[in-house]
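*Asks:* The structure follows.
Nothing in this text is a laboratory measurement; each read-out follows from the coordinates by a stated rule. Predicted model, so just to flag it, every value in this text is computed and none were measured. Using ideal geometry, Cβ is built from the backbone for each residue, glycine included, and neighbour counts are taken over all protein chains shown.
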Amino acid sequence: MSATGLLGDARLSRDALLGGRVLLHQPLEGYRAATDPVLLAAACPARPGDKVLDLGCGAGAAALCLASRVAGLDLHGLEAQPAYAALARRNAADNGAALTVHDGDVDAPPAALRARVFDHAIMNPPYFAEVDAPSPDPARDVARRERTGGVGLWVAVGLRRLRQGGWLTLIHRVERLPDILAAAEGKAGGVAVLPLAPRAGRAATRMIVKMRKDSRAPFRLAPPLVLHAGPTHIRDGDDFSPEAAAVLRDGAALDF
């Protein structure tokens, strides 16, 4: 889909994140941000004045959620699909956020981005393997399906863009933890994993991982964050647990 087609207002929704603190234009079809970028932004330990890079920023959901919680960031995004990069710029302007969006792929960042060093890198890499069946929507397929290098490439590129002691934060499926740890071996430490369980008593399917460049601190596994209240979904609308609602609606940080 062309950038012009994707950006036509008739093909966009305007969705509220963080209880309306962030308003996001995104395509009605294709990749759509949900809870993952909000959780990712909440887990980034950025402080005012820090330099932050959102790798694969899409329409800007994670970067803008982070900007709404932490003031004064030097915020940059990298996006391979021009239509989504244009949406990220539009969303940043609409939300009054200073976000510089760079066009380019993770495996070939533009020179202007390679010249910078960051305090934090955040990322929501594609969840599905290169060999998985493609999505019928091309833009959604690019956003959700890995190419050569997989999550290890994302981790390596993120760490490369960090200063010594900088933090990398990502959200992914739990079965990819071995690949993430392998990519960080010898380059980062202080790895902390927060499992995301859909409901109490159910196995976590996703996780948030933090690591610090050049650190030798030990690995930590945090207690899971239970996202939904009750054993099953029994009513229309969301049924977030109080802990998840504090993050997803009220903009609380995730400290683990």
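*Asks:* Between Ala245 and Asp15, what FRET efficiency follows from the Cβ-Cβ distance if R0 is 22 Å, with the result rounded to 0.05?
*Replies:* 0.80
*Asks:* If each DSSP helix of 4+ residues adds -39,500 (n - 2.57) and the sum is divided by the residues in the chain, what number results at 222 nm, nearest 500 deg cm²/dmol?
*Replies:* The helix-only estimate for the chain comes to -7500 deg cm²/dmol at 222 nm.
*Asks:* Here's something else I'd like to know. Build a GNM of the chain with springs between Cα atoms under 10 Å: which of Ala34, Ala97, Ala204 gets the top mean-square fluctuation?
*Replies:* Ala34
*Asks:* What length, rounded to one decimal in nm, is gained on full extension from Arg160 through to Ala182, with 0.36 nm per residue of separation minus their alpha-carbon distance?
*Replies:* 6.4 nm
*Asks:* While we're here: Report, for the chain, the % of DSSP beta bridges that are antiparallel, rounded to 5.
*Replies:* Among the beta bridges of the chain, antiparallel pairing accounts for roughly 45 percent.
*Asks:* Specify the inter-centroid distance of region 183-230 and region 10-57, based on alpha-carbon positions, in whole Å.
*Replies:* Using only Cα atoms, the two centres lie 20 Å from each other.
*Asks:* Something else now. Which whole-percent values make up P(r) of region 3-248 when all C-alpha to C-alpha distances are grouped in 5 Å steps starting at zero?
*Replies:* It works out to 1, 6, 14, 18, 20, 18, 14, 6, 2, 0, 0, in whole percents.
*Asks:* Going 7 Å from the Cα of Ala253 in the Cα-to-Cβ direction, what parts of region 58-101 have a backbone nitrogen less than 13 Å from that spot?
*Replies:* In region 58-101, the label zone of Ala253 (backbone N under 13 Å from the point 7 Å along Cα→Cβ) covers 66-67, 69-71.
*Asks:* To continue, here is another question. Using a 7 Å offset from the Cα along the Cα-to-Cβ direction at both Val174 and Leu28, what is the distance between the two label points in nm, to one decimal?
*Replies:* In this crude label model, Val174 to Leu28 measures out at 3.7 nm.
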